[in-house]
Amino acid sequence: MPINNLAKASPNEIDAELARLNVELTKAEQILVALRKRRRDRIERGEVDLADELVVQIEQACSAADACEAAAMPFEQEFTRRGGWTRAWLVLNTGGHVHRTAACRTCFPTTKFAWLTHLSGRDEVEIVDLAGKAACTECYPSAPVEVRNQPSRIKTSEQLAQSAGREQRARAKAAKAISSPDGTPLRTKHCGLIETEFTARRSYADLLSYARYLTRQNVVFHRASIAEHQEDARLILAALSAKHGRTEDDLREELAPKVEAKWTREHSKWG
Ligand SMILES: [Zn+2]
């Protein structure tokens with residue numbers, strides 16, 4: 001999400017953008033290192049022309065890295081202007097600790113961190129509470145013992161995004177799903193288990209159109225079957241009514257054209 005007004009942006013937004021730029025910068029620097037090494041190798045082999053071909057690419061990688069640093073500058077300045085805010089980093093290995101700074105002396109230059117930008121600006125007590133036993137004792141020396149005995153509830157931004165995605169998919173699925181008014185699966189005698197609203201609406205039209213066909217054929221002979229089809233349709237109507245908080249009459253009226261269409265298209269033509 002682009003930040004339009006830096007002065008109004010939250011610490012999360014600013015740090016998320018800085019984290020993104022950090023990733024870009026690291027990529028550009030890695031490319032630069034690889035290109036420079038390739039150029040040196042070619043020079044050593046006496047392949048001067050081939051080595052020169054890399055100069056343009058090296059310059060491009062340099063300017064990409066410079067651009068990242070320049071883009072990060074206003075965000076860093078905003079951090080300073082506001083007198084800073086809390087930040088948290090999680091070391092990316094099993095049982096990795098949460099630190100208030102990536103410069104913590106218990107870490108190494110090679111330590112891999114996830115910057116927990118969603119916690120930027122949060123109360124440190126809250127961060128320590130979430131971190132539980134994962135809170136670095138060096139960074140958070142005042143964390144109470146009972147907090148230190150709690151399991152960590154820290155998640156990385158990626159994990160949070162993943163679970164948000166899962167929730168969204170579950171919501172979308174629930175929006176399409178249908179069940180009996182009491183929440184149990186919607187089972188019908190003639191259409192079996194109905195799991196989606198789409199199937200429910202289609203089945204409703206099928207059932208009533210077919211009941212109409214049976215009625216035309218021989219209402220006395222098919223009395224039991226007609227009643228069963230009508231009962232199935234009633235169950236579906238009740239389910240739709242419960243799901244949408246609408247009356248059965250309202251839904252019956254809405255679905256009537258579907259029943260009519262099914263009848264015209266199919267069952268009315270049966271002999
Ligand atoms: Zn630490």
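Determine the pairs where a residue that is under 14 Å from Ala70 (Cα atoms), located within segment 1-30, has a partner that is open to solvent by 70 Å² or more (accessible area, probe 1.4 Å) with Cβ atoms under 7 Å apart, the partner being 6 or more residues away or on another chain.
Cβ pairs passing all conditions: Leu25/Glu69.
Report every pair of residues separated by at least 6 positions or lying on different chains whose Cβ atoms are under 7 Å apart, first residue within segment 130-146 and over 12 Å from Arg100 (Cβ atoms), second hydrophobic (A, V, I, L, M, F, W, C) and surrounded by 14 or more Cβ atoms within 10 Å (Cβ to Cβ).
Leu130/Ile154; Gly132/Val147; Ala134/Val98; Ala134/Ile154
Pick out the one residue from Gln159, Gln217 that is away from the ligand (no atom under 16 Å from the Cβ), closer than 30 Å to Phe113 by Cβ, of a type in the set (S, T, N, Q) and open to solvent by 40 Å² or more (accessible area, probe 1.4 Å).
Criteria check complete, one pass: Gln159.
Which residue pairs have Cβ atoms under 9 Å apart, sit 6 or more places apart or on different chains, and have a first residue in segment 33-55 that is under 24 Å from Ala65 (Cα atoms) and a second that is not in a helix (DSSP H, G or I)?
Hits for this filter: Asp41/Glu47; Ala51/Arg45.
Of the residues Tyr213, Tyr140, which single one is part of a helix (DSSP H, G or I) and aromatic (Phe, Trp, Tyr)? Can you show your working first?
On the way: Tyr140 fails: part of a helix (DSSP H, G or I).
Going through Tyr213, Tyr140 in turn, the sole match is Tyr213.
I'm trying to understand the selection: among the residues of segment 90-132, which are more than 12 Å from the ligand (Cβ to nearest atom), among the small types (Gly, Ala, Ser) and either closer than 19 Å to Thr80 by Cα or part of a loop (DSSP other than H, G, I, E, B) (or both)?
Result: Gly95, Ser120, Gly121.
With respect to Thr188, is the statement that it is among the hydroxyl-bearing types (Ser, Thr, Tyr) and within 22 Å of Trp270 (Cβ to Cβ) true?
yes
The values are calculated or read from the model by the stated rules, or taken from the named source; none is laboratory data. Note that the coordinates shown come from a computational prediction; the quantities given were computed from them, not determined experimentally. Every residue, glycine as well, gets a Cβ built from its backbone with ideal geometry; the counts of neighbours run over all protein chains shown. Note: areas computed on protein heavy atoms with side chains; ligands, DNA, RNA excluded. Shrake-Rupley method; radii C 1.70, N 1.55, O 1.52, S 1.80 Å.
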